[in-house]
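What follows draws every value from the coordinates through simple rules; no lab data is involved. Not measured: the values here are computed from a predicted model. Every residue, glycine among them, receives a Cβ derived from its backbone with ideal geometry; neighbour counts consider all protein chains shown.
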Amino acid sequence: MVWCRLLVRDTTTIAELHAIIQLAFGWSDDHLHQLLIYGKAYGIAYIGGASFADDPHTVRLADFRFRVGERFFYEYNFYVPWRHEIRLEQILPARTGQRYPVCIGGARAAPPEGCAGPNAFLEERQEHHSLAVIERLLALIDNPDDYLDPHEELRRLRYWAGVNRCDRRGINRRLREDPEPACDDEVNA
């Protein structure tokens, strides 16, 4: 299972939560999405895509009055459905000077955005076991001209070499690059 534990402010909007998830997964927001909360769909409307009744830039997490343990869903790429369960684990007081959002834990790397869904990801993961990655890396070193783009192949192999770990530092670096001020509000974990 791939999971990520994020601390976010209770003032985080639906639009901001979508951006936070995209950053945490290292995705580029190339597909349609929606959050399903209490049976209602929320998200950012795009031409030719789904429309939503509420403005995602004004609906805040605090508006839902979640209780600890409650869950809702984030769906991304309707063609190849990625369905993420989001669970509120704790409600904590914010730490003064702490920047939010922040990743405080996780397991395994997020699937590549272009992957054809959960089953395709699992199949690719089996194909790219440690020995296969090493063999492909050696082949790349021995014959880089055999590859149309050796640098792209190296990036792919790097991903698969680390697929079994969560790069919390990388997630937090991406989250920091998205400017958001420190706050003193309540925090949802």
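Taken over the stretch 1-111, the percentage of Cα pairs per 5 Å bin, counting from 0 up to the bin with the maximum distance, is 2, 11, 22, 26, 21, 12, 5, 1, 0. Each of 21, 76, 104 was scored by the projection of its Cα onto the charge dipole of the chain, and the greatest displacement toward the positive side belongs to 104; charges sit on the C-beta of Lys, Arg, Asp and Glu. Evaluated with a Cβ-only charge set (Lys, Arg +1; Asp, Glu -1), the chain carries a dipole of roughly 820 debye about its Cα centre, given to the nearest 20.
Here the mean projected area of the convex hull built on the C-alpha positions of the chain is 12.3 nm². By the helix-only formula, in which each DSSP H run with n ≥ 4 contributes -39500 (n - 2.57) and the sum is divided by residues, the chain has a 222 nm mean residue ellipticity of -9000 deg cm²/dmol.
Only counting other Cβ atoms within 10 Å, I'd like 16, 89 sorted with the fewest neighbours first.
Numbers: 16 19, 89 11.
Going from sparsest to densest Cβ surroundings: 89, 16.
Summary of the geometry: the stretch 7-69 and the stretch 99-116, compared by the centres of their Cα atoms, lie 16 Å apart. Among 42, 74, 159, sorting on how many other beta-carbon atoms sit within 10 Å of each Cβ, with the fewest leading, yields 159, 74, 42.
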